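Notes for the one structure printed next.
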Amino acid sequence: METFEHIARLQNRIRDFRNRGLTVGLVPTMGALHAGHISLVRCSKKQNDITVVSIFINPTQFNDKDDYRHYPKSPENDLKLLRTEKCDVVFMPGEEEMYPEPDKRTFDFEGLDTVMEGKFRPGHFNGVAQIVTRLLDIVKPDRAYFGQKDFQQLVIIRHLTNRLKMPVDIIACPIIREKDGLAMSSRNVRLTGTDRKVASEISQVLFDVRDHCNRFSSAGAVREYVLSRLSLFPQMQVEYFEIVDEKTLQPVDDLQPSAGGVCCIAVWVGKVRLIDNVNLNS
Ligand code: AMP
């Protein structure tokens, strides 16, 4: 496994691979790697000759300074995990390397960013687009891998790369969960003992909705059910719960599994903000 901190050196190496006719997959991450990230790496390894994992905590996508400051970091463990997976290349740039000057670009997501995460984390997706377009420009991968855990991000990146006509296939990978259903997230390590225990209720209530959606008369009835169930736990504060169309992200009221609705939720559990989603058709 080779590790690079500088763009120019990484690009030289990737040029070598390209000259040998090898395909390249990119897995962008912010580190503190867990089995969710590793599933993306495995998917890329299956589909490409060379897998590049980037590790960079992107400051421009954090709307909350505290979240940025406390974002978990475990670079040694990350490298160990990636070595075990036989990852080919790790790109770990510093902030100066990625942003020698402030990135002033603003992106038009045609409304995809006005709901859910975009509504509660102003500027977040613009920051995501800044870093993802940079990484895609630097690595120029054949394929790039994103988790369905960040469902809105995935839809927005697909939209962005299509709109900018970037020659890359965006590959979606399923959500990897803990045994009790909690979606894996780097932020889970920040949950205190009791908060960690109740956090599994988030996925349990989503599964319940998915498995019994014909029990509900409308999306509003589902929301009421979800909010009342989670309100039993005083340390949980639901920020939003929406059932949205899987392509347009607009609210849907048709709960038929075939209608393409996705239930998305953001919940504060103590001081940690968690997101999760289920596709009603899964
Ligand atoms: P992050 O390091 O949180 O920016 O995540 C990097 C990539 O890993 C993103 O595409 C995430 O959607 C994906 N990811 C994070 N957690 C999971 C998970 N539990 N299952 C699948 N993919 C995930």
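The values are calculated or read from the model by the stated rules, or taken from the named source; none is laboratory data. None of the values given here were measured: they were computed from a predicted structure. Cβ: placed from backbone, ideal geometry, glycine included. Neighbour counts: every protein chain shown.
Figures for the structure shown
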item	result
Qualifying positions in region 113-127 - out of contact with any Ser or Thr (no Cβ under 8 Å at 6 or more places or on another chain) and either more than 30 Å from E5 (Cα to Cα) or part of a helix (DSSP H, G or I) (or both)	D113, T114, V115, M116, E117, G118, K119, F120, H124, F125
Hey, L154 aliphatic (A, V, I, L, M) and crowded, with 20+ Cβ neighbours inside 10 Å or not	no
Unmet criterion (only one of (1) assigned to a loop (DSSP other than H, G, I, E, B); (2) touching a helix residue (DSSP H, G or I) at 6+ places or on another chain (Cβ under 7 Å); (3) farther than 27 Å from S39 by Cβ; (4) not basic (K, R)) for L249	(3)
Residue check for E110: surrounded by fewer than 20 Cβ atoms within 10 Å (Cβ to Cβ), within 11 Å of the ligand (Cβ to nearest atom) and of a type in the set (D, E)	no
Some residue of region 253-260 being touching a Cys at 6+ places or on another chain (Cβ under 6 Å), over 16 Å from S203 (Cβ atoms) and part of a loop (DSSP other than H, G, I, E, B)	yes
Residue in region 69-84 that is within 13 Å of the ligand (Cβ to nearest atom), surrounded by 14 or more Cβ atoms within 10 Å (Cβ to Cβ), within 21 Å of D142 (Cβ to Cβ) and of a type in the set (S, T, N, Q) present	no
Qualifying residue in region 170-192 (condition: within 21 Å of C264 (Cα to Cα), within 15 Å of the ligand (Cβ to nearest atom) and free of Cβ contacts under 8 Å to residues at least 12 places away in the same chain)	yes
Residue in region 215-231 that is closer than 21 Å to G147 by Cα, out of contact with any Gly (no Cβ under 8 Å at 6 or more places or on another chain) and either within 15 Å of the ligand (Cβ to nearest atom) or among the hydrophobic types (A, V, I, L, M, F, W, C) (or both) present	no
Output for region 113-151, where each listed residue is among the β-branched types (V, I, T), buried (at least 20 other Cβ atoms within 10 Å of the Cβ) and under 29 Å from Y240 (Cα atoms)	V128, I131, V132
Residue within region 98-107 that is in contact with a His (Cβ under 9 Å, 6 or more places away or on another chain), more than 14 Å from the ligand (Cβ to nearest atom), under 26 Å from Q152 (Cβ atoms) and assigned to a loop (DSSP other than H, G, I, E, B) present	no
Residue ranges of strands (runs of 3 or more DSSP E) in region 9-95 with at least 3 members modelled with pLDDT of 95 or more and within 20 Å of the chain's Cα centre (by Cα)	24-29, 50-55
Total residues in region 27-58, condition in contact with a helix residue (DSSP H, G or I) (Cβ under 9 Å, 6 or more places away or on another chain) and either away from the ligand (no atom under 13 Å from the Cβ) or acidic (D, E) (or both)	4
Out of L191, L182, L206, L230, sole residue that is buried (at least 16 other Cβ atoms within 10 Å of the Cβ) and in contact with a Cys (Cβ under 6 Å, 6 or more places away or on another chain)	L206
